[in-house]
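Please read the structure below before turning to the comments.
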Amino acid sequence: MRPLRALAVVVVAALLGLLVWDLAHQQNQGIAEKVDRGETVAAPNLQLPWITGGPRFDLAAYRGKVVVVNFWASWCVECKVEAKTLRDAAARWRGKAVVIGVDTKDLSSAAKHYMSRYHVNYGVVRDVSGSESDRWGVTGYPETFFVDRSGNVIPPHVNGPIPRSRLNTAIRQALRS
């Protein structure tokens with residue numbers, strides 16, 4: 001009888017844990033899911049340390065500018081595929097749009113090596129715990145979001161490497177909104 005009771009307690013605890021996990025992740029996926037449905041969403045407060053040090057990055061300080069927010073990690077193969085596209089866009093749109101890389105769940109040394117190897121020419125901030133990527137609803141890397149001049153996340157939200165033409169089209173769209 002005791003082994004059966006212990007098994008029942010374990011099953012109930014596991015189900016409760018699954019329920020809590022599911023509820024937490026449903027709330028976190030709100031931004032990505034809403035943008036995927038074509039909705040415009042107020043950008044969450046995004047404040048993270050720059051990988052190079054200094055004062056913290058604050059997305060709110062970029063109000064009035066278009067911001068491309070790209071979540072990535074040095075261990076992500078597809079992030080390496082899109083690195084040149086983001087680098088070229090950062091150079092092309094300098095003064096009109098800002099590219100911000102959010103290095104997630106990564107070691108600082110690995111991220112810095114990645115940045116050097118792929119000649120990253122835009123600002124990179126660190127989300128060591130992944131809490132910001134969770135808040136934005138990131139489900140894989142890379143993922144890209146577009147924040148318009150009013151501080152709203154607008155479609156499209158791109159999961160996976162973003163093609164150059166789609167990136168440029170999205171930036172033009174954000175500049176017009």
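Points worth noting:
- Spans of strands (runs of 3 or more DSSP E) in the stretch 93-169 with at least 3 residues within 18 Å of Lys80 (Cβ to Cβ) and not aliphatic (A, V, I, L, M): 97-104
- Residue in the stretch 22-30 that is modelled with pLDDT under 60 and over 18 Å from the mean Cα position of the chain (by Cα) present: yes
- There is no residue in the stretch 67-82 that is surrounded by fewer than 18 Cβ atoms within 10 Å (Cβ to Cβ) and more than 19 Å from Val138 (Cβ to Cβ).
- Being more than 13 Å from Ile100 (Cα to Cα) and in contact with a helix residue (DSSP H, G or I) (Cβ under 6 Å, 6 or more places away or on another chain) is not true of Pro55.
- Here Ala61 clears all of (1) loosely packed, with under 14 Cβ neighbours inside 10 Å; (2) within 26 Å of Ala42 (Cβ to Cβ); (3) modelled with pLDDT under 95; (4) hydrophobic (A, V, I, L, M, F, W, C) except the condition numbered (3).
- Residues (closer than 28 Å to Arg172 by Cβ, surrounded by 16 or more Cβ atoms within 10 Å (Cβ to Cβ) and touching a residue at least 60 places away in the same chain (Cβ under 8 Å)) located in the stretch 94-122: Ala97, Met115
- Checking each residue in the stretch 55-69 for being among the hydrophobic types (A, V, I, L, M, F, W, C), over 18 Å from Pro155 (Cα atoms) and assigned to a strand (DSSP E or B) picks out only Phe57.
- Checked against (1) under 17 Å from the mean Cα position of the chain (by Cα); (2) modelled with pLDDT of 95 or more, Val128 passes all but a single condition, namely (2).
- Criterion applied to Thr139, Thr144 was being within 20 Å of Gly30 (Cβ to Cβ) and either among the aromatic types (Phe, Trp, Tyr) or crowded, with 20+ Cβ neighbours inside 10 Å (or both), and the one residue passing it is Thr144.
- Among residues of the stretch 127-136 being closer than 15 Å to Cys79 by Cβ and not polar (S, T, N, Q), the one that is surrounded by the most Cβ atoms within 10 Å (Cβ to Cβ) is Asp127.
- Pairs with Cβ under 6 Å, 6+ apart, first in the stretch 73-92 and at negative phi, second among the aromatic types (Phe, Trp, Tyr): Ala73/Tyr141; Ser74/Tyr114; Cys76/Tyr141; Cys79/Trp72; Cys79/Tyr141; Ala83/Tyr118; Ala90/Tyr122
The values are calculated or read from the model by the stated rules, or taken from the named source; none is laboratory data. Keep in mind that what you see is a predicted model, and the values were worked out from it rather than measured. Reconstructed Cβ throughout: ideal geometry from the backbone, glycine too, with neighbour counts over all protein chains shown.
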